[in-house]
Amino acid sequence: MNKTIFADPEELARGAAEYFVAQMPETVALSGGSTPKLMFQILADQFRDEVAWSRIQFFWSDERHVPPDHPESNYRMANEALLSNVPVASENVHRVHGENPNAADAASEYEETVIAVTKQPLPRLDLIFLGLGTDGHTASIFPGSEVLHETKRLVAAPYVEKFKSYRITMTLPLLNNGAAIVFLVSGAEKAEIVKEVLEGENKYPAEAVNPTNGELIWMLDKEAAAYLSR
(Lines give C-alpha, C1' and ligand atoms only; values in the text may rest on other atoms or scores of the structure.)
Protein backbone atom coordinates (compact mmCIF):
# COMPACT_ATOMS: atom_id res chain seq x y z
CA MET A 1 0.00 0.00 0.00
CA ASN A 2 1.32 3.38 -1.04
CA LYS A 3 0.24 6.47 0.91
CA THR A 4 0.79 10.08 -0.13
CA ILE A 5 -0.23 13.13 1.90
CA PHE A 6 -0.88 16.49 0.24
CA ALA A 7 -1.17 19.98 1.72
CA ASP A 8 -4.81 20.55 0.79
CA PRO A 9 -7.64 19.22 -1.42
CA GLU A 10 -6.42 21.16 -4.44
CA GLU A 11 -2.92 19.69 -4.23
CA LEU A 12 -4.45 16.25 -3.68
CA ALA A 13 -6.61 16.62 -6.78
CA ARG A 14 -3.62 17.75 -8.80
CA GLY A 15 -1.58 14.79 -7.58
CA ALA A 16 -4.39 12.46 -8.59
CA ALA A 17 -4.62 14.10 -12.01
CA GLU A 18 -0.87 13.72 -12.53
CA TYR A 19 -1.11 10.06 -11.53
CA PHE A 20 -3.95 9.58 -14.04
CA VAL A 21 -1.83 11.08 -16.82
CA ALA A 22 1.25 9.04 -15.89
CA GLN A 23 -0.68 5.77 -15.82
CA MET A 24 -2.04 6.20 -19.35
CA PRO A 25 -4.97 3.92 -18.54
CA GLU A 26 -7.24 2.35 -21.15
CA THR A 27 -9.97 1.37 -18.68
CA VAL A 28 -10.93 3.65 -15.79
CA ALA A 29 -13.64 3.51 -13.12
CA LEU A 30 -14.56 6.97 -11.87
CA SER A 31 -16.10 7.88 -8.53
CA GLY A 32 -18.28 10.66 -7.22
CA GLY A 33 -17.36 13.25 -4.60
CA SER A 34 -15.77 16.68 -4.26
CA THR A 35 -12.14 15.57 -4.59
CA PRO A 36 -12.70 13.60 -7.81
CA LYS A 37 -14.60 16.60 -9.18
CA LEU A 38 -11.56 18.79 -8.57
CA MET A 39 -9.37 16.18 -10.25
CA PHE A 40 -11.70 16.04 -13.25
CA GLN A 41 -11.58 19.81 -13.62
CA ILE A 42 -7.78 19.85 -13.44
CA LEU A 43 -7.55 17.08 -16.04
CA ALA A 44 -9.83 19.01 -18.39
CA ASP A 45 -8.18 22.39 -17.80
CA GLN A 46 -4.49 21.53 -17.49
CA PHE A 47 -3.93 18.10 -19.02
CA ARG A 48 -6.41 18.06 -21.89
CA ASP A 49 -3.68 17.70 -24.50
CA GLU A 50 -1.57 15.20 -22.57
CA VAL A 51 -4.05 12.32 -22.49
CA ALA A 52 -5.04 9.96 -25.32
CA TRP A 53 -8.73 10.38 -24.47
CA SER A 54 -9.96 8.39 -27.45
CA ARG A 55 -8.23 5.26 -26.10
CA ILE A 56 -9.90 5.30 -22.69
CA GLN A 57 -13.04 3.37 -21.76
CA PHE A 58 -14.81 5.10 -18.84
CA PHE A 59 -16.85 3.28 -16.19
CA TRP A 60 -18.16 4.19 -12.74
CA SER A 61 -17.32 2.36 -9.53
CA ASP A 62 -20.79 3.18 -8.24
CA GLU A 63 -23.86 5.21 -9.06
CA ARG A 64 -26.99 6.52 -7.41
CA HIS A 65 -30.33 5.07 -8.53
CA VAL A 66 -31.21 8.27 -10.39
CA PRO A 67 -31.41 9.48 -14.02
CA PRO A 68 -28.24 10.85 -15.66
CA ASP A 69 -29.41 14.46 -15.42
CA HIS A 70 -30.17 14.22 -11.68
CA PRO A 71 -28.11 16.49 -9.37
CA GLU A 72 -26.93 13.43 -7.39
CA SER A 73 -25.78 11.49 -10.46
CA ASN A 74 -22.09 10.60 -10.41
CA TYR A 75 -22.20 10.40 -14.19
CA ARG A 76 -23.60 13.92 -14.46
CA MET A 77 -20.84 15.33 -12.25
CA ALA A 78 -18.07 13.60 -14.23
CA ASN A 79 -19.64 14.59 -17.52
CA GLU A 80 -19.94 18.26 -16.58
CA ALA A 81 -16.48 18.49 -14.97
CA LEU A 82 -14.49 16.32 -17.39
CA LEU A 83 -16.04 14.27 -20.16
CA SER A 84 -17.88 17.08 -21.96
CA ASN A 85 -14.66 19.12 -21.98
CA VAL A 86 -12.26 16.58 -23.51
CA PRO A 87 -12.34 14.63 -26.81
CA VAL A 88 -13.90 11.42 -25.51
CA ALA A 89 -16.00 9.34 -27.90
CA SER A 90 -19.53 8.85 -26.58
CA GLU A 91 -19.30 5.11 -27.23
CA ASN A 92 -16.37 4.97 -24.78
CA VAL A 93 -18.44 6.39 -21.91
CA HIS A 94 -20.24 3.56 -20.12
CA ARG A 95 -22.57 5.01 -17.52
CA VAL A 96 -24.85 3.07 -15.21
CA HIS A 97 -28.46 3.30 -16.38
CA GLY A 98 -29.68 4.57 -13.03
CA GLU A 99 -32.94 5.67 -14.59
CA ASN A 100 -33.99 2.01 -14.82
CA PRO A 101 -36.77 1.63 -12.21
CA ASN A 102 -35.32 -1.77 -11.29
CA ALA A 103 -31.91 -1.21 -9.72
CA ALA A 104 -31.05 -4.92 -9.83
CA ASP A 105 -31.66 -4.97 -13.57
CA ALA A 106 -29.46 -1.89 -13.97
CA ALA A 107 -26.70 -3.67 -12.03
CA SER A 108 -26.96 -6.85 -14.13
CA GLU A 109 -26.91 -4.82 -17.33
CA TYR A 110 -23.85 -2.90 -16.14
CA GLU A 111 -22.00 -6.09 -15.27
CA GLU A 112 -22.68 -7.35 -18.81
CA THR A 113 -21.43 -4.04 -20.23
CA VAL A 114 -18.15 -4.12 -18.30
CA ILE A 115 -17.52 -7.72 -19.39
CA ALA A 116 -18.42 -7.02 -23.01
CA VAL A 117 -16.29 -3.88 -23.31
CA THR A 118 -13.21 -5.39 -21.65
CA LYS A 119 -13.74 -8.83 -23.25
CA GLN A 120 -12.78 -10.40 -19.93
CA PRO A 121 -15.04 -12.61 -17.75
CA LEU A 122 -13.42 -11.02 -14.68
CA PRO A 123 -12.34 -7.60 -15.97
CA ARG A 124 -9.06 -6.11 -14.87
CA LEU A 125 -9.54 -2.36 -14.96
CA ASP A 126 -6.37 -0.31 -15.28
CA LEU A 127 -7.37 2.38 -12.79
CA ILE A 128 -10.16 2.53 -10.21
CA PHE A 129 -10.89 5.65 -8.17
CA LEU A 130 -12.65 5.28 -4.83
CA GLY A 131 -13.67 7.52 -1.95
CA LEU A 132 -14.18 6.90 1.76
CA GLY A 133 -17.26 7.75 3.79
CA THR A 134 -17.14 8.73 7.44
CA ASP A 135 -18.83 5.38 8.16
CA GLY A 136 -16.08 3.45 6.37
CA HIS A 137 -18.02 2.75 3.19
CA THR A 138 -16.45 2.86 -0.23
CA ALA A 139 -18.11 2.82 -3.65
CA SER A 140 -21.64 1.95 -2.46
CA ILE A 141 -20.54 -0.86 -0.17
CA PHE A 142 -21.77 0.16 3.26
CA PRO A 143 -21.17 -1.41 6.69
CA GLY A 144 -23.41 -4.44 7.14
CA SER A 145 -24.24 -4.68 3.45
CA GLU A 146 -24.76 -8.11 1.95
CA VAL A 147 -22.57 -6.92 -0.94
CA LEU A 148 -19.55 -7.24 1.36
CA HIS A 149 -19.86 -11.02 1.01
CA GLU A 150 -20.59 -11.10 -2.72
CA THR A 151 -18.32 -13.52 -4.58
CA LYS A 152 -20.03 -14.02 -7.95
CA ARG A 153 -21.70 -10.81 -9.10
CA LEU A 154 -19.40 -8.05 -10.34
CA VAL A 155 -22.02 -5.30 -10.00
CA ALA A 156 -24.81 -5.31 -7.42
CA ALA A 157 -27.70 -3.10 -6.32
CA PRO A 158 -27.82 -2.99 -2.53
CA TYR A 159 -30.55 -1.14 -0.65
CA VAL A 160 -28.90 1.45 1.58
CA GLU A 161 -31.09 1.98 4.62
CA LYS A 162 -29.21 5.16 5.54
CA PHE A 163 -30.49 6.83 2.36
CA LYS A 164 -33.70 4.81 1.91
CA SER A 165 -32.64 4.09 -1.65
CA TYR A 166 -30.84 1.62 -3.86
CA ARG A 167 -27.32 2.10 -5.16
CA ILE A 168 -25.55 0.36 -8.03
CA THR A 169 -21.98 -0.60 -7.18
CA MET A 170 -19.03 -2.60 -8.38
CA THR A 171 -18.40 -5.43 -5.94
CA LEU A 172 -15.18 -6.56 -4.28
CA PRO A 173 -14.34 -9.29 -6.84
CA LEU A 174 -14.27 -6.65 -9.59
CA LEU A 175 -12.67 -3.89 -7.53
CA ASN A 176 -9.94 -6.12 -6.14
CA ASN A 177 -9.03 -7.35 -9.61
CA GLY A 178 -8.00 -3.82 -10.60
CA ALA A 179 -4.45 -3.04 -11.66
CA ALA A 180 -4.41 0.17 -9.60
CA ILE A 181 -6.90 1.31 -6.97
CA VAL A 182 -6.67 4.90 -5.76
CA PHE A 183 -8.50 6.21 -2.70
CA LEU A 184 -8.96 9.99 -2.74
CA VAL A 185 -9.79 11.33 0.74
CA SER A 186 -9.82 14.89 2.03
CA GLY A 187 -11.20 16.87 4.95
CA ALA A 188 -10.96 16.89 8.74
CA GLU A 189 -14.26 15.00 9.03
CA LYS A 190 -12.50 11.97 7.50
CA ALA A 191 -9.49 11.94 9.87
CA GLU A 192 -10.96 9.52 12.39
CA ILE A 193 -12.17 6.95 9.87
CA VAL A 194 -8.92 7.19 7.90
CA LYS A 195 -6.99 6.21 11.02
CA GLU A 196 -9.37 3.34 11.78
CA VAL A 197 -9.27 2.00 8.24
CA LEU A 198 -5.52 2.28 7.75
CA GLU A 199 -4.35 1.42 11.26
CA GLY A 200 -7.23 -0.40 12.93
CA GLU A 201 -8.81 -3.83 12.80
CA ASN A 202 -10.61 -5.11 9.75
CA LYS A 203 -14.18 -3.97 10.36
CA TYR A 204 -15.00 -1.45 7.61
CA PRO A 205 -15.88 -2.05 3.95
CA ALA A 206 -12.97 0.09 2.75
CA GLU A 207 -10.56 -2.32 4.44
CA ALA A 208 -11.86 -5.12 2.22
CA VAL A 209 -10.46 -3.32 -0.82
CA ASN A 210 -7.15 -5.08 -1.27
CA PRO A 211 -6.11 -5.82 -4.85
CA THR A 212 -5.18 -9.43 -5.49
CA ASN A 213 -2.49 -8.51 -7.99
CA GLY A 214 -2.43 -4.74 -8.23
CA GLU A 215 -1.39 -1.51 -6.59
CA LEU A 216 -3.29 0.10 -3.71
CA ILE A 217 -2.76 3.84 -3.31
CA TRP A 218 -4.15 6.24 -0.73
CA MET A 219 -3.99 9.94 -1.55
CA LEU A 220 -4.94 12.12 1.41
CA ASP A 221 -4.82 15.76 2.35
CA LYS A 222 -3.23 16.83 5.64
CA GLU A 223 -6.57 17.19 7.41
CA ALA A 224 -7.72 13.69 6.50
CA ALA A 225 -4.33 12.26 7.52
CA ALA A 226 -4.13 14.21 10.79
CA TYR A 227 -4.55 11.23 13.14
CA LEU A 228 -2.26 8.81 11.32
CA SER A 229 0.92 7.62 13.00
CA ARG A 230 3.91 9.20 11.33
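The values are calculated or read from the model by the stated rules, or taken from the named source; none is laboratory data. Since the model is a prediction, treat every value here as computed from it, not as a measurement. Quick reminder, even Gly has a Cβ in these numbers, built from the backbone with ideal geometry, and neighbours come from all protein chains shown. When the accessible area is computed, the model is the full protein with side chains, heavy atoms only, and any ligands, DNA or RNA have been set aside. Shrake-Rupley method; radii C 1.70, N 1.55, O 1.52, S 1.80 Å.
Side notes on the structure shown:
- Backbone geometry of region 69-75 corresponds, through the Karplus equation with coefficients 6.51, -1.76 and 1.60 at θ = phi - 60°, to 3J(HN,Hα) couplings of 9, 6, x, 8, 5, 5, 4 Hz, x marking Gly and Pro.
- Share antiparallel - DSSP beta bridges, the chain, percent rounded to 5: 30 percent
- Carbon/sulfur fraction of accessible area - the chain, other protein chains in place, 1.4 Å, %: 46 percent
- S229 contributes about 70 Å² of solvent-accessible surface, heavy atoms of the protein only, 1.4 Å probe.
- Above-threshold pairs, the threshold being 30 Å between Cα atoms, out of K119/K195; K119/K190; K119/K162; K3/K119; K37/K222: K119/K195; K119/K190; K119/K162; K3/K119
- Basic side chains Lys and Arg get +1 at the Cβ, acidic Asp and Glu get -1 at the Cβ, and with that the dipole of region 24-157 about its Cα centre reaches some 220 debye.
- Environment charge of R64, counting only residues whose C-beta is closer than 9 Å and scoring Lys/Arg +1, Asp/Glu -1: -2
- Value of relative contact order over region 76-230, rounded to a whole percent, pairs C-alpha under 8 Å and six or more apart: 22 percent
- Segment Q46-A7, length gained on full extension (0.36 nm per residue, minus Cα span): 12.1 nm
- Neighbours of V194, meaning other residues whose beta-carbon lies under 12 angstrom from its beta-carbon, give a summed charge of -3 when Lys and Arg score +1 and Asp and Glu score -1.
- Taken over region 123-230, the percentage of Cα pairs per 5 Å bin, counting from 0 up to the bin with the maximum distance, is 2, 13, 22, 24, 20, 13, 5, 1.
- Dividing the Cα radius of gyration of the chain by its Kirkwood radius returns 0.93 for Rg/Rh.
- Alpha-carbon centroid distance for the pair region 170-230 / region 67-102, whole angstrom: 25 Å
- Once the convex hull of all Cα atoms in region 56-160 is built, its volume per residue stands at 115 Å³.
- Derived scalar couplings between HN and Hα for region 118-130 equal 7, 6, 9, x, 10, x, 10, 6, 5, 8, 10, 9, 9 Hz in order, rounded to whole Hz, by the Karplus curve 6.51 cos²θ - 1.76 cosθ + 1.60 (θ = phi - 60°), x for Gly and Pro.
- Taking all protein chains together and a 1.4 Å probe, the residues D126, D62 rank D126, D62 from largest to smallest accessible area.
- Modelled label positions at R153 and D105, each set 7 Å beyond Cα in the direction of Cβ, lie 1.5 nm from each other.
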